[in-house]
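Asks: I have a structure here, written as structure tokens, and I will follow up with some questions on it.
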Amino acid sequence: MARLYFDTSSLVKNYHTEAGSEVVRQLLGQDSPDVFISRLAAVEMLSGFAGKVRTGVFSITDYGNLRKKFLSDIRSQAIRPIRVLNAHFQFAGDLIDKHAMSRQLRAMDAIQLSVALHLHRSFPLDHFVCSDQRLIDVALLEGLDVIQPGAKKGTEGIL
């Protein structure tokens, strides 16, 4: 059973069809993987859905349906949010110190990566699933195996 940590940039592809959605759905559909996100990602997902209503991509009904599906996936533990602890914030600061001046690591991405790395170090992840190139670059430097859904055709997959 695969252990996968999803960044919001890739998890959203399970709920809204866009480049990389097929890869995400394949990952989530294989042999009941252990899928982890941070609690921060749960809030980011809802904010992303709301933003799509604001921009006319989703209707309010779409928002309600997607919100219900996403929260149902959490309740059923198909997706398991990891609590963000003080240690994650402290380590995120260390990641900023180490990478932000040369790699444009943003604060929220540093927190996401911190949660993933703590999880990986206690019980290794098979893959960090992410579609944000800046975050991918740092995740690779930190030693995570990355899957990038939505990359150019033929380059999707493990980096």
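Asks: Collect the residues in region 7-17 that are within 9 Å of the chain's Cα centre (by Cα) and closer than 15 Å to Lys69 by Cβ, keeping them in residue-number order.
Replies: Leu11, Val12
Asks: Look through region 42-94, keep the residues that are within 19 Å of Leu4 (Cα to Cα), small (Gly, Ala, Ser) and assigned to a helix (DSSP H, G or I), and return whichever of them is farthest from the chain's Cα centre (by Cα).
Replies: Ser72
Asks: I would also like to ask the following. With respect to the numbered conditions (1) in contact with a strand residue (DSSP E or B) (Cβ under 6 Å, 6 or more places away or on another chain); (2) more than 19 Å from Ser21 (Cβ to Cβ), which one is the sole condition not fulfilled by Ile79?
Replies: (2)
Asks: If Leu105 meets every condition in (1) closer than 24 Å to Asp34 by Cα; (2) in contact with a Leu (Cβ under 7 Å, 6 or more places away or on another chain); (3) outside any helix (DSSP H, G or I); (4) not β-branched (Val, Ile, Thr) apart from one, which number is that one?
Replies: The failed condition is (1).
Asks: Is it the case, given these coordinates, that Ala110 is in a loop (DSSP other than H, G, I, E, B) and within 18 Å of the chain's Cα centre (by Cα)?
Replies: Taking the combined requirement at face value, the residue does not satisfy it.
Asks: Continuing with the same structure: Considering only residues of region 77-99 that are touching a Leu at 6+ places or on another chain (Cβ under 7 Å) and in contact (Cβ under 8 Å) with a residue 40 or more places away in the chain, which is nearest to Ile37 (Cα to Cα)?
Replies: By that ranking, first place goes to Ile82.
Asks: Here is a follow-up. Exactly one condition in (1) over 16 Å from Gln112 (Cα atoms); (2) in contact with a Leu (Cβ under 7 Å, 6 or more places away or on another chain) is not met by Ile74; state its number.
Replies: Answer for Ile74: the failing condition is (2).
Asks: Could you list, in sequence order, the residues of region 27-46 that are among the aliphatic types (A, V, I, L, M) and either within 17 Å of Val146 (Cβ to Cβ) or touching a Cys at 6+ places or on another chain (Cβ under 9 Å) (or both)?
Replies: Hits for region 27-46 are Leu27, Leu28, Val35, Ile37, Ala41.
Asks: Of all residues in region 25-41, count the ones that are assigned to a helix (DSSP H, G or I) and polar (S, T, N, Q).
Replies: Final tally of qualifying residues: 1.
Asks: Going by the structure shown, is Phe89 out of contact with any strand residue (DSSP E or B) (no Cβ under 8 Å at 6 or more places or on another chain), closer than 16 Å to Leu40 by Cα and crowded, with 17+ Cβ neighbours inside 10 Å?
Replies: So Phe89 does not fit the description; no.
Asks: Would region 105-118 turn up any residue that is within 21 Å of Gln30 (Cβ to Cβ), charged (D, E, K, R) and buried (at least 17 other Cβ atoms within 10 Å of the Cβ)?
Replies: The answer is no; no qualifying residue exists.
Asks: Can you go through Arg103, Arg121 and tell me which one is at pLDDT below 95 and over 24 Å from Ser21 (Cβ atoms)?
Replies: Arg103
The values are calculated or read from the model by the stated rules, or taken from the named source; none is laboratory data. No experiment lies behind these values; they were computed from the predicted model shown. Positions of Cβ are backbone-derived with ideal geometry, glycine not excepted, and every protein chain shown enters the neighbour counts.
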